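**Q** Before we start, here is the structure in question, set down as structure tokens.
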Amino acid sequence: MPFSQLGLHDRLVQGVRAAGFDAPTTIQSQAIPRVLAGNDIVGLANTGTGKTAAFVLPMLHRFSSNTNAKRAVRGLVLTPTRELARQIEDSIALMGRFTNVSALSVYGGTGMEKQIQRLRRGVDVVVATPGRLLDHLNRRTIDLSAIEYLVVDEADRMFDMGFIRDVRKIVSHTPHQRQTLLFSATMPESIRHLTQVIQKNPELIQVGETANPAAGITQYFYAVAPEQKLSLLAHILEKEKMESVLVFSRTKHGADKVSGRLERKGFATTAIHSNRTQSQRQHALAGFKQGRYRILVATDIAARGIDVEGISHVINFDTPMAPEDYIHRVGRTGRAEKNGDAITFVSNAERKYFLRIQQMLGKKMELKARLDFHPSPAGAEARSERDQEPSRSSKRKNEKKRGWTNLGEGHSDNKHDERERRQRRGRNDRRGQTGGASAESGEEGRTRHRSNDSSRDHTDVRHSGKSQTTRHDWMALLNPFMAMSGGLRKKIKGKHKRV
């Protein structure tokens, strides 16, 4: 069925064709007619099946038919990540290019002033993350009293990230008379309860088995020791023809580590996670889309906004602990009913996660070692990485070649300054020797052993070239005062006795 037979405006059909879409996907062909009829729906479909257009096109159809004289916000789309918010805003602009519907993405990590200015000028649709939208509500810089169309996208991820309470609070600011759509890749009990609270008799649209990746995805599981994962990753990237690769890491530190190692091995790699600034994340994602980076290393949260066509491979560097995360990860490839490969590295400690994934998939998956991979001995990879880093001696040589040396007193290449430092060190040495002698006479034979230690301290001072005061010197200076205070204490005690 073509888009023209779904009941959409001709301007929207023209915009969809200009965007490069020829025919609707299954979720689009089932959801769009029901949404146009005014029904609340719950859409369950795997990642990459075209859920975004399933709610964007009916919204554009509705708002392009009616003018917005008050310039109030009529449509609200809630998303878990800023990247996904930006992508939905881009989709609205792309498919609605021949309409007069305006959209604004509202998310954290950037200043609020520009967002406030846009909201004051008026906008039809707001695509927002829950946290930043609550900030605007608390400041009363946004009004949701005219919302006609509410969408909760990636609802299961909203729950995983702890946004469900925020979603309910935001929904309480919208009118009761509205159309509410909810889309998710999985349907846990918490999401079922949410649909009962925010929707009215929703229709369930389920495409495919939500517990399984798309049919075009081929899955591989490789058993590998944790210390050999980087070597195996580099081996696969070298041996197999991979055009665009998305690598998942469980932690932000792990993503930076994997990205750095691959860059040192000569791969065009970048990383994206929540610790990166918004501009860094946008630059990394844009570079990956445009092909400047062949490999993108990401965490689960950041990857929710990655909607890149043509990802050939997804590699799980760490086995996901939750089976639902596995479904979301591998759904980044094989999108729009295309083919893709999903590779997962499984260590001994991660076999329990593999068993959970296997149980959710409902079939036995083969866990095997990669036959053409011959790992190096334990510790060899770490030693090779250390060998690539310059040693301290080589760093000093490089510094001398550049014309300066760190002497502890500042950087200089002046001979006069060097002569002054030598004279200063000589004066410090003589002071140290005097202090050692006075200490020995004050403490007599009991301190003779300490004076030997003091001489060693002075030798170390002369060797290091830094002026230092030893513990022995300080004791020698304090001894007379300690003796005076001791005598004073005796006199005071004697006076008390006479009284």
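The values are calculated or read from the model by the stated rules, or taken from the named source; none is laboratory data. These numbers come from a predicted model, not from an experiment. We place every Cβ from the backbone using ideal geometry, glycine too, and count neighbours over all the protein chains shown. What goes into the accessible areas is simple: the full protein's heavy atoms, side chains included, and nothing from ligands, DNA or RNA. Shrake-Rupley method; radii C 1.70, N 1.55, O 1.52, S 1.80 Å.
**Q** Going through the cross-link list Lys70/Lys200; Lys229/Lys257; Lys51/Lys363; Lys229/Lys289; Lys241/Lys364; Lys241/Lys265, which pairs have a Cα-Cα distance over 19 Å in this structure?
**A** The pairs that break the limit, which is 19 Å between Cα atoms, are Lys70/Lys200; Lys51/Lys363; Lys229/Lys289; Lys241/Lys364.
**Q** Taking only protein heavy atoms and a 1.4 Å probe, what accessible area per residue, in Å², does the stretch 1-89 have with all protein chains in place?
**A** Here the residues of the stretch 1-89 average 37 Å² of exposed surface.
**Q** In nm, give the distance between the simple-model label positions of Lys70 and Lys338, each being 7 Å from the Cα along the Cα-to-Cβ direction.
**A** 4.4 nm
**Q** Quick one: go through the stretch 308-324 and flag any residue whose amide nitrogen is under 11 Å from the point 7 Å out along the Cα-to-Cβ line of Lys289.
**A** 308-309
**Q** Using 0.36 nm times the number of residues separating Glu227 and Glu366, minus their current alpha carbon distance, what extension gain do you get?
**A** Gain on extension, Glu227 to Glu366, equals 47.9 nm.
**Q** Still on this structure: So, with a 1.4 angstrom probe, what is the percent of accessible area on the stretch 156-250 that is carbon and sulfur?
**A** Looking at the stretch 156-250 in its full context, I get 47 percent from C and S.
**Q** Take the stretch 1-58, compute every pairwise Cα distance, and split them into 5 Å bins from 0; I just need the percent in each bin.
**A** Calculated over all Cα pairs of the stretch 1-58, the distribution is 4, 20, 34, 25, 13, 4 percent.
**Q** Let me ask something additional. Test of understanding: what is the full-extension gain from Ala18 to His253, defined as 0.36 nm times their sequence separation minus their Cα-Cα distance?
**A** The Ala18-His253 span can extend by a further 80.5 nm.
**Q** Here's something else I'd like to know. What does the extension gain come out to for Val308 and Arg97, with contour length at 0.36 nm per residue minus their alpha carbon separation?
**A** Gain in length upon complete extension: 73.9 nm.
**Q** In the stretch 214-296, if every C-alpha pair distance is counted and binned at 5 Å from zero, what percent goes to each bin?
**A** Reading upward from the zero bin: 3, 13, 22, 26, 19, 11, 5, 0.
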